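Scroll down for the structure; my scribbles are underneath it.
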Amino acid sequence: MPDSIVMQPAETQGLRHDSTTITLHWITAILVIVLWTIGQTVDWPPTNVLRTDYRSLHIILGVTLGVVVLARLGWRLTHQDRLPPTDHGLLLLIARLTHWLLYVLLILTVGLGIATTWTRGDTVFYLFTIPAYDPGNRPLMHLVHGWHALAANAILIVAGLHAAAALFHHFIMRDATLRRMLPWKLR
């Protein structure tokens, strides 16, 4: 990478992440918000049919999130980001650790969601049934579901801090960190 690009202040670089990185980032963010919301409201539908469909949607979107996260990791590991970091030193270390923590939490939450479905057993849109691993073991079901919920809440907290850091960069530091990941150009 030429020194002239690295030496320029972030706000004058005008560089953006590639479209695949941006797309996968925002699909992940939207899926996390939708899945967390469904998880918080899954018992609200009044009938068993609606509740089963709502839970089925949560399962299908959770599997979709797992596929998107694997695609993101594959893309990240095979297409090195060519953008120079906007942070340096401790802030760069925190940013990198936060990104990897989010990946770990996403994988953990999806895995625990699969385990929750497996321990509980379920039907997906009445098209197929996932048999329960140990149908009478309610303590196991509650334990795994509790871990899934805890991991989902942790994602929301870390992702919220991640978003707050992006806003801090944009409004306080006035650098290009947020602009580089937005799906549209922001001046």
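Legend: ranking of residues Arg82, Arg72 from fewest to most surrounding C-beta atoms inside 10 Å; resulting order Arg82, Arg72. Dipole of the range 19-109 computed with +1 at Lys/Arg Cβ and -1 at Asp/Glu Cβ about the Cα centre; of Thr78, Tyr54, Gly89, farthest Cα towards the positive end is Thr78. Between the helical axis of 89-120 and the dominant principal axis of the chain, each derived from Cα atoms, what acute angle in degrees is found, rounded to the nearest 10? Taking the Cα atoms of the chain, the angle to 89-120 is about 10 degrees. Computed 3J(HN,Hα) for the range 42-52, one whole-Hz value per residue from the Karplus formula 6.51 cos²θ - 1.76 cosθ + 1.60 where θ = phi - 60°, is 4, 8, 6, x, x, 10, 5, 5, 4, 5, 5, glycine and proline marked x. Residues Val124, Val144, arranged from fewest to most other Cβ atoms within 10 angstrom of their Cβ, appear as Val124, Val144.
Close amide H contacts of Asp87 (hydrogens built in the peptide plane, cut-off under 5 Å, sequence separation of 5 or more or a different chain): none are found.
Comparing Val67, Val110, Val32 in a Gaussian network model of the chain where C-alpha atoms under 10 Å apart are linked, the largest mean-square fluctuation is found at Val67.
Under a model in which nothing but the beta-carbon of Lys, Arg (+1) and Asp, Glu (-1) is charged, the range 16-173 shows a dipole of about 120 debye around its Cα centre.
Under a 5 Å amide H cut-off, with hydrogens placed 1.01 Å from N, Val42 pairs with nothing among residues at least 5 apart or on other chains. The value obtained for the range 16-173, namely the Cα convex hull volume divided by the number of residues, is 133 Å³ per residue. Around the amide H of Ile130, modelled in the peptide plane, lie the amide H atoms of Asp122, Thr123, Val124, all under 5 Å away and 5 or more residues distant in sequence or on another chain.
Laboratory data are not the source of any read-out in this text; all were calculated from the coordinates shown. Keep in mind that this is a model prediction, so the values were computed, not measured. Cβ: placed from backbone, ideal geometry, glycine included. Neighbour counts: every protein chain shown.
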